[in-house]
Amino acid sequence: MPALSLPTFPLDADRLPADMAERLSRVRHVITDTDNTMVSHGRALCSTDGTPSVELAQTLIDLTRAGVDVVPCTGRNRAMIREDVRLLGLSGWIGEMGGVLCLHEGADSDWRYFTADMPFDESCGKTPHDVIWETGVVDRLLERWYDCLETYNDNNIGYQYREVTVALRGAVIEDEAQAMLDETGLPLYLADNGFVSRITGPTILPTFEDGKVTDVHTYHITPRGLDKGSATKRYIELMGWNPDEVIACGDSPADCAMAPHVGTFLLMRNGANNPKTQAALAGAGNAFVSASDSTDGFCQAMRTLLSLKA
């Protein structure tokens with residue numbers, strides 16, 4: 001498949017056509033993927049290549065001062081994303097591929113589960129994750145791909161700390177895996193949240209000496225209809241935001257689902273060669289590709305937005 005043909009997100013605000021400048025100047029909210037989009041190498045104080053840098057921290061500070069909300073939208077679980085948000089000084093978050101929506105973090109935290117098409121009774125005493133696990137389908141998937149699929153342990157604290165989705169990593173025949181999910185009787189979907197480039201800690205997957213891996217996907221078993229797109233739409237509705245004033249950013253096919261629900265979508269350059277990403281954005285008229293990979297590209301784009309608000 002040829003490289004995705006998207007305009008590069010502008011770096012010089014002074015040279016923008018008037019209509020584009022007006023459109024981008026209206027952005028008041030940023031909904032962004034974390035890993036390989038806003039953050040590289042799992043560290044906020046480094047650039048894309050791993051060089052120590054305060055650019056992301058300064059960019060987030062400047063966005064806050066300009067009145068621009070930044071909301072991480074991630075596959076990470078509550079424990080991980082809450083700590084990220086607290087350390088970065090952000091106010092809300094979307095976790096587990098959209099399964100947990102936090103409108104406001106803090107002592108009076110306002111959050112709720114979002115299970116889309118999957119019926120869920122909050123009085124049942126279980127989490128949506130428990131309901132999915134009890135179907136037995138996760139064990140079936142792990143048995144089928146016994147040598148190339150494993151549960152994805154968030155920060156090595158275990159998959160049991162997830163509340164809505166089930167996270168896996170490896171490589172499967174996706175049509176076959178989806179057919180197995182369909183047999184559970186629950187409306188479930190296998191979401192591809194992009195590639196893993198490095199694994200630390202125990203794994204059954206083949207790795208190089210430095211922990212690098214190839215052709216390893218992050219998968220999430222989610223309620224059908226739940227993805228970063230539907231969650232972004234619901235989050236915007238709950239917050240009472242104007243979608244035209246929202247920019248969403250990401251690097252994976254799962255992130256591209258946000259594009260139809262926001263005014264502007266920024267695809268990170270490091271995700272542009274993924275065929276699934278290309279297919280997801282083929283008809284998008286509001287999408288750009290970043291000038292640089294991940295953190296560097298994110299910060300450059302945010303600097304353009306800030307220049308338009310100066």
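All of the numbers you see were taken from the coordinates with simple rules; none came from a lab. Bear in mind that the values here come from a model prediction, so they are computed numbers and not experimental data. Every residue, glycine among them, receives a Cβ derived from its backbone with ideal geometry; neighbour counts consider all protein chains shown.
Based on other C-beta atoms within 10 Å, arrange Cys256, Cys148 from fewest to most.
Cys148, Cys256
Would you please give the residues with an amide H less than 5 Å from that of Asn193, counting only those at least 5 places away or on a separate chain, with H modeled from the backbone geometry?
Amide H neighbours of Asn193: Thr218, Tyr219, His220.
Amide H to amide H, which residues 5 or more places from Val39 or on other chains are under 5 Å from it, using H placed in the peptide plane?
Those lying under 5 Å, H to H, from Val39: there are none.
Please order Arg15, Arg43 by the number of other Cβ within 10 Å, starting at the fewest.
Arg15, Arg43
Please compute the length gained on full extension between Tyr146 and Arg224, using 0.36 nm multiplied by the number of residues separating them and subtracting their Cα-Cα distance.
Computed gain between Tyr146 and Arg224 is 25.6 nm.
Using 0.36 nm per residue of separation minus the Cα-Cα distance, give me the extension gain between Cys124 and Ala284 in nm, one decimal. Walk me through the numbers before you get to the answer.
Details: separation 160, 0.36 × 160 = 57.60 nm, distance 4.03 nm.
Between Cys124 and Ala284, full extension yields 53.6 nm more.
Rounded to the nearest Å, what's the spacing between the alpha carbon centres of segment 1-76 and segment 256-306? Just the number, please.
Centre-to-centre distance over Cα atoms comes out at 9 Å.
So for segment 153-310: antiparallel DSSP bridges make up what percent, rounded to the nearest 5?
Around 65 percent antiparallel, to the nearest 5.
List the aspartates and glutamates whose alpha-carbon lies under 14 Å from that of Lys126, not counting same-chain residues fewer than 8 positions away?
Glu134, Glu163
Hey, in the GNM for the chain with a 10 angstrom Cα cutoff, which one of Ala167, Ala177, Ala18 fluctuates hardest?
Of Ala167, Ala177, Ala18, the Gaussian network model singles out Ala18 as fluctuating most.
Just for the chain, what percent of DSSP beta bridges are antiparallel, to the closest 5?
Among the beta bridges of the chain, antiparallel pairing accounts for roughly 60 percent.
Taking Cα pairs under 8 Å and at least six residues apart, what relative contact order does the chain come out at, in percent? Don't skip to the end; give the middle numbers.
Working: 615 pairs, mean separation 73.4, N = 310.
After rounding, I find 24 percent.
Taking neighbour Cβ counts within 10 Å as the exposure measure, how do His220, His129, His41 sort from fewest upward?
Neighbour counts put them in this order, fewest first: His41, His129, His220.
For segment 265-279, what does the Karplus curve 6.51 cos²θ - 1.76 cosθ + 1.60, with θ = phi - 60°, yield as ³J(HN,Hα) per residue in whole Hz, taken in order and with x for Gly and Pro?
Rounded to whole hertz, the list is 10, 10, 8, 5, 4, 5, x, 6, 8, 6, x, 5, 5, 4, 5.
What's the extension gain from Arg15 to Arg112 if we count 0.36 nm per residue and subtract their Cα-Cα distance?
My answer for the length gained is 30.7 nm.
Using modelled backbone amide H atoms (1.01 Å from N, in-plane), which distant-in-sequence or interchain residues come within less than 5 Å of Val70's amide H?
Amide H neighbours of Val70, under 5 Å, 5+ apart: Val30, Ser91.
Would you mind calculating the relative contact order of segment 158-310 from Cα pairs under 8 angstrom and at least 6 residues apart, reporting the percent as a whole number?
Over segment 158-310, the number comes to 17 percent.
Which whole-number percentage describes the relative contact order of segment 97-140, with Cα contacts under 8 Å and a sequence gap of 6 or more?
24 percent
Enter the per residue convex hull volume of segment 2-121, computed from alpha-carbon coordinates, in Å³ rounded to the nearest integer.
179 Å³
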